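This report refers to the structure that appears directly beneath it.
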Amino acid sequence: MQKLTNRSKVVSQKDMSFLEKAYVPAILSGMGITLKHFFKKKSTVAYPEQERSFSPVYRGRHVLKRDDKGAERCTACGLCAVACPAEAITMTAAERQKGEESLYREEKYAAVYEINMLRCIFCGLCEEACPKEAIFLTPNITPAYYDRQDFVYGKDMLVEGIAPEDRVDVSKRQFWRDNLESTQKNP
Amino acid sequence: MLKVTIDGIETQVEPGTTILQAARKIATEQPEHSHLVPPAMCYYSPLEGSGGKCRTCIVKVTQGSERDPRPMPKPVASCQTQVMDGMVVENTTNPDLLAARKGVVELLLINHPLDCPVCDQAGECHLQDLAFAHGASETRYEEERRTFERIDIGPYIQLHMTRCILCYRCVYTANQFTDERVHGVLFRGDRAEIGTYIEKAIKNDFSGNVIDVCPVGALTDKTFRFRSRVWFTRPFDAHRKCDKCCGKTVLWMAGDDVLRVTARKDVFDEVEEFICNECRFDHKVKEDWTIEGPRSIHRHSVISANKYKAKAKTVV
Ligand code: SF4
Ligand code: SF4
Ligand code: SF4
Ligand code: FES
């Protein structure tokens, strides 16, 4: 019969020899392989006591930045949501009232801003789309939860604190982005 | 019939047709050539006397007519220049003209606050589209921009004078479609501004149409202010029985809520039929309308983002 492909193999079903039937040498050689790994360098770390260093441009959970005076930068323009390929972001805008100038930078702000961390693929397109430098991805990891609803992060989880120690440092990502632009301009 | 060639495409038009209308005729008949239509920020075909203000529609006439083939010395406003027999016009094929248009866009933007992230018009703004297609990505303007407080024109209309490009469309609309105009352009030159008679409310059944004709975010719907961005809302064609106007509108919905009602616009973004204030502002419930179906949106528009035509499959 003509073969359909030249990659087919003829398998033989010959009887096993006495040594093969005894199984003991095969078991011993298998254990030997296992034993060898005890003396090899481990490729895992004991998280959470020990942490691996992240790349400076690692994209983890988001932060909504405040400006130097502590006012929220986000103006609910919706560009992050329309750029998001996973459709993870939703928001509701509201108008800034008189006296709230120190809370919100622009005359419109996001009253509700939610990111569904289960949908998010951490691509960073929201950060790229933002015209107000409001949203950044940080090297922090989204923890695990038992409840799906817990993964929907509202403004309480996303907006950074006003106090200097509560600010989230995004200078590394900003630096990387600025340099990316300059490398694109003069390659 | 007169023969006119625009960017190498020939067409026949009636005497008295302007170059812009001839270009639109080509685009209507052969949609694959629609890119040759010059942008128009002030000309609005339903409004008599509109056009000739903004100069974004400039084109280069390289041959005046069959009988006098000399080129016109300067770019001409295509919305105001009538076609002559044998005229040859260059728009997108002329690099000098595109550079000149870039200058016009820069001029239109010198006093503009560039506040698109806050502006409700963003996503359907002609100035945004124009600047994206023809403008420079950086501003060279260092002087102080003129600023204004925002003004309420009645309970429904909000005027952001900072964004106005003084196209006069709203003034013509108020003149031609309402019986008592109380707003107009005050002062001259770079001081010119849209003013109402001491912020007098425009109380007229058709005053809301100035929102639709305004090419920028200067006149916006106060009832829609900051409610949503246009690309998050879903447009539906709808109609109702109305004894004041045609009752044919577009509903901009989010879920079951009607966030905004506007008139229907054609491919050149001009209102097909003006609607009354009752339809626009007083019937923001789904039950008042007969919904015809989703409005078709050009796929290059941001409004089409995250909207899908195919039916979603139910998952278990
Ligand atoms: S990182 Fe990407 S997927 Fe996640 S919210 Fe931003 S745009 Fe969406
Ligand atoms: S985070 Fe940035 S892009 Fe997103 S709504 Fe706020 S200002 Fe706009
Ligand atoms: S308010 Fe709008 S329609 Fe009126 S002149 Fe200014 S830009 Fe034109
Ligand atoms: S559209 Fe012709 S000058 Fe404005």
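Derivation of every value follows stated rules applied to the coordinates shown; laboratory data play no part. Everything quoted here is computed from the prediction, not taken from an experiment. Here the Cβ is made from the backbone with ideal geometry for all residues, glycine too, and neighbour counts use every protein chain on show.
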Could you sort out which of B:265/B:286; B:241/B:284; B:284/B:307; A:155/B:309 sit more than 24 Å apart by Cα distance in this structure?
-> A:155/B:309
Using the count of nearby Cβ atoms within 10 Å as a rough guide to exposure, how do B:160, B:126, B:134 rank from fewest to most?
-> B:134, B:126, B:160
In nm, give the distance between the simple-model label positions of residue B:146 and residue B:192, each being 7 Å from the Cα along the Cα-to-Cβ direction.
-> 1.0 nm
Taking every C-alpha to C-alpha distance in segment A:1-45 and binning by 5 Å from 0, the per-bin percentages run 5, 14, 12, 11, 11, 11, 11, 14, 8, 3, 1, 0
Once the Cβ-Cβ distance between residue A:55 and residue B:67 is put in as r, and R0 is 56 Å, what FRET efficiency do you end up with, to the nearest 0.05?
-> 0.20
Between residue B:308 and residue A:2, what FRET efficiency follows from the Cβ-Cβ distance if R0 is 41 Å, with the result rounded to 0.05?
-> 0.25
Cα-based helix-to-principal-axis angle, A:24-38 vs chain A, degrees rounded to 10 | 30 degrees
Treating each Cα of segment B:33-178 as an identical point scatterer and ignoring solvent, apply the Debye formula and state log10 I(q)/I(0) at q = 0.15, 0.18 Å⁻¹.
-> -0.88, -1.16
Checking rank on B:69-75, B:266-272, A:50-56, B:108-114, with mean other Cβ inside 10 Å and highest first, the result is B:108-114, B:266-272, B:69-75, A:50-56
Excluding residues fewer than 8 positions from residue A:98 in its own chain, the aspartates and glutamates with Cα under 16 Å of it are A:72, A:106, A:107, B:149
Mind checking the mean number of beta-carbon atoms from other chains within 10 Å of the Cβ atoms in A:74-87?
-> 4
Ratio for the protein assembly as shown, C-alpha Rg to 2.2 N^0.38 Å, reads 1.32
Each residue of B:229-235 has, on average, a number of other protein chain C-beta atoms within 10 Å of its C-beta equal to 3
If you count, for every residue in A:103-110, the Cβ atoms of partner chains within 10 Å of its Cβ, what is the mean?
-> 2
Given only helices, namely DSSP H runs of n ≥ 4 each adding -39500 (n - 2.57), what is the per-residue ellipticity at 222 nm of chain B, to the nearest 500 deg cm²/dmol?
-> -5000 deg cm²/dmol
Compute the normalised compactness of segment B:228-309: alpha-carbon radius of gyration over 2.2 N^0.38 Å, N being the residue count.
-> 1.05
Total charge dipole magnitude, segment B:228-309, about the Cα centre, Cβ charges on Lys, Arg, Asp, Glu only, Debye to nearest 20 = 340 debye
Holding the Cα-Cα limit at 31 Å, pick out from B:74/B:222; B:3/B:53; A:65/B:53 the pairs that are longer than that.
-> B:74/B:222; A:65/B:53
Specify, per residue and in Å³, the volume enclosed by the convex hull of the alpha carbon atoms belonging to segment B:2-100.
-> 95 Å³
Please list, in chain and number order, the residues 5+ apart from residue B:50 or on another chain whose amide H is under 5 Å from its amide H, with Hs placed from the backbone.
-> B:44
Grab the DSSP H runs of chain A that are 4 residues or longer, score each as -39,500 (n - 2.57), total them, divide by all residues and round the 222 nm result to the nearest 500 deg cm²/dmol.
-> -7000 deg cm²/dmol
Where Rh is the Kirkwood radius over the Cα pairs of chain B, the temperature 25 °C and the viscosity 0.890 mPa s, what D in µm²/s does Stokes-Einstein return?
-> 117 µm²/s
Order by protection proxy (mean Cβ within 10 Å, highest first), peptides B:39-47, B:146-154, A:134-142 = B:39-47, A:134-142, B:146-154
Using mean Cβ contacts within 10 Å as the protection proxy, how do B:280-289, B:87-96 order, highest first?
-> B:87-96, B:280-289
Using Cα positions and a limit of under 18 Å, work out the aspartates and glutamates in reach of residue B:244, with same-chain residues fewer than 8 apart set aside.
-> B:179, B:180, B:205, B:212, B:272, B:273, B:278, B:282, B:288
Using only the C-alpha atoms of chain A, find the volume of their convex hull and express it per residue in Å³.
-> 305 Å³
Any idea what the relative contact order of chain B is, in percent, if you count C-alpha pairs under 8 Å spaced at least 6 apart?
-> 13 percent
